[in-house]
Amino acid sequence: MVLGQNAVVNRTKTFRGALCILDHLQNNGAALKRLRERQDNPAVQFQAMEGFLHRTGVTVGELDKLNIIHVTGTKGKGSTCAFAESVLRNNGFRTGFYSSPHLVHVRERIRINGWPISKGLFTKAFWETYEQLEETKDSHGGTMPFYFQFLTLLAFRVFLKEQVDLTVIEVGIGGQYDCTNIIRKPWVCGITSLGLDHCSLLGDTTEKIAWQKAGIFKPGVPAFTVRQQPGSLKVLQRRAEEIGCPLSVCPDLEQYEAVVGPVRLGLAGAHQRLNASLALQLSFSWLQHHEAKKTGDSLTSVPAACRLSSQTDSFLLGTATLKGLQETEWLGRSQTLRRGSVTYYLDGAHTTASIQSCVCWFREEMQQRDHTQNPGLRILLFNTTGERDSAALLRLLLPCRFDYSLFCPNIPETPTAHLGISVQQMLVRCSENQLIWQSLNALDATHQRHCNSGSQSLVFPCILSALQWINWRKQTASTPAVSLSSNRIFPDSAELPDRLREAGQISVLVTGSLHLVGGALKHLEPSLSTVDYK
């Protein structure tokens, strides 16, 4: 990618200047064109990654020093990585952790010992990496990496400089052609639950997607997966055999609990138990290597009577490992935030499988709430992006019985009165989602009996305006009204229904998009945007 001559880009060697260039790498026309080309021939962009790495002064062989735990999957890969990182950190190791996307600020993607890297470290590493690429681009056809490629290069640089003991790497999309797959010899690989997502890139069946995900397998490198659909598991097994990779299926978490008792997890939801079990196997692969050096919290194999014959072995969980599972945090995934009388349930679920898990979690939370408090209002805040099937996702949310359903684009604050085409398209999609929801509710006779007036739905121009409406705050004069047509006006916070004004407790589920959840967190947890970590 070549920066256009007319592009106004802040090149000052500051944190803000780095963010400006990153934004350009993500949004300019050349980068978007290359991303579209990647769909037709993803191998080309993958092959280019090695060249970009060498131009930053790092060889592929040097990445072996990072002792990488490489994780892919359709849902739960970020949570699995978070569990594994927390377990290993609590066992005394200095960890690196690379994930995507970020929710509030880009530094979240690159973590040292569980914390996003500081602005100072990010800025220094960014400009060193960027200048090396700039200085060599003329001899390489003027090419520069696009956004995710650059951040992956930056993460590798930071982890090598910081001399971490091990690194947990979450795949971006797929596996076979993901730029993180430049890794030659990870320590261990993991594949979380598989399903349909990014079908235009990865294939339209779970078997095709399984083939792509299994692309991270490496000869002689152990790999673990969770229970999968038979067709997907057969593909994983076949690819593992072809590559020469020993593949095992993880035991359920109950297998560990049979020995140590109930295991408490820092992440809510029954689906996290599967992710935690995979994380334990990935962690154990590393801990086994260092077991001889450890004296206290090393893991010990379970007696034969406790083993599962059809799966890989379980093992005893040490104090540090149990602490790591319990203290795991992962923003925007089955996360609960209480703000006075309003409780927010944030989950970036955006596939049918992940929405199903989200619904189970939210309904369990509502059952517990209704047993301990007076039943309150339930509100949905929803958006989707890309190729997501909104109707399929919204249909799964019907059993939650929302009193109000709010739709808004992934824009944290109200856009200017003169909206760009892309913003207008986002608003149109929100209105389409509203119509889909209304149609689904009209067909849901059970829901109509549950609520006399049915689930009322509203469209807002941004995340902030929706949150203001929930919290009874009037929009300021600087917040312009936005309309898509003469017969549709976005609701004014001054026109609050009596039910909302009089509600004692309000539960808000924010879901459908990680970017929506990130925008909500920006307002609900403003410290995330300003705090600088060491």
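The values are calculated or read from the model by the stated rules, or taken from the named source; none is laboratory data. All values reported here derive from a predicted model rather than from experimental measurement. So basically every Cβ, Gly included, is an ideal-geometry build from the backbone, and we count neighbours across all protein chains shown. Surface accessibility is based on the protein's heavy atoms, side chains included, excluding ligands, DNA and RNA. Shrake-Rupley method; radii C 1.70, N 1.55, O 1.52, S 1.80 Å.
Using r as the Cβ-Cβ distance of ARG401 and LYS234, and R0 as 45 Å, what FRET efficiency do you calculate, to the nearest 0.05?
0.70
Residues in segment 104-118 near a label at GLU329, defined as backbone nitrogen under 14 Å from the 7 Å Cα→Cβ point?
Answer for segment 104-118: 104, 108, 112-117.
How much length, in nm to one decimal, is gained on full extension between GLN163 and GLN47, taken as 0.36 nm per residue of separation minus their Cα-Cα distance? Each step should come with its number before you reach the end.
Values: separation 116, 0.36 × 116 = 41.76 nm, distance 2.65 nm.
The span from GLN163 to GLN47 would gain 39.1 nm if fully extended.
Kindly state, as a whole number, the per residue volume in cubic angstrom of the convex hull around the alpha carbon atoms of segment 124-262. Don't skip to the end; give the middle numbers.
Working: hull volume 22.7 nm³, N = 139.
With only Cα atoms used, segment 124-262 gives 164 Å³ per residue.
Take every Cα pair under 8 Å in segment 165-287 that's 6+ residues apart, average their separations, divide by the length, and report that relative contact order as a whole percent. Before the final figure, lay out each step's value.
On the way: 159 pairs, mean separation 29.5, N = 123.
Reported as a whole number, the value is 24 percent.
Note the full-extension length gain between HIS54 and LYS208 as 0.36 nm times their separation in residues minus their Cα-Cα distance, in nm to one decimal. Don't skip to the answer; put the middle values down first.
Details: separation 154, 0.36 × 154 = 55.44 nm, distance 3.15 nm.
Difference between extended and current length: 52.3 nm.
Shape call for segment 341-394 from the C-alpha gyration tensor, a ≥ b ≥ c root eigenvalues: rounded (a/c under 1.5), prolate (a/b greater than b/c) or oblate? Walk me through the intermediate numbers first.
Numbers: a/c = 2.97, a/b = 2.10, b/c = 1.41.
Verdict is prolate for segment 341-394.
At 7 Å along the Cα-to-beta-carbon direction for both GLU135 and ARG273, put a label point, then send me their distance in nm to one decimal.
The two pseudo-label positions are separated by 5.5 nm.
What ranking do 156-162, 333-339 get when scored by the average of other Cβ atoms within 10 Å per residue, highest first?
156-162, 333-339
Could you give the nm distance between label points at GLU432 and ASP23, where each point is 7 Å from its Cα heading toward the beta carbon?
Between GLU432 and ASP23, the label points sit 2.7 nm apart.
Given a 1.4 angstrom probe, I'd like the percentage of the accessible area of segment 83-167 that is carbon and sulfur, rounded to a whole number.
Working: 1250 of 2670 Å².
Roughly 47 percent, rounded to a whole number.
Once the Cα gyration tensor of segment 80-168 is diagonalised, what are the square roots of 5 times its eigenvalues, in whole Å and ordered largest first, as equivalent ellipsoid semi-axes?
On the way: eigenvalues 143, 33, 26 Å².
Each semi-axis is the square root of five times an eigenvalue, giving 27, 13, 11 Å.
PRE reach from HIS289 (point 7 Å along Cα→Cβ): which of segment 160-176 fall under 20 Å by backbone N?
160-171
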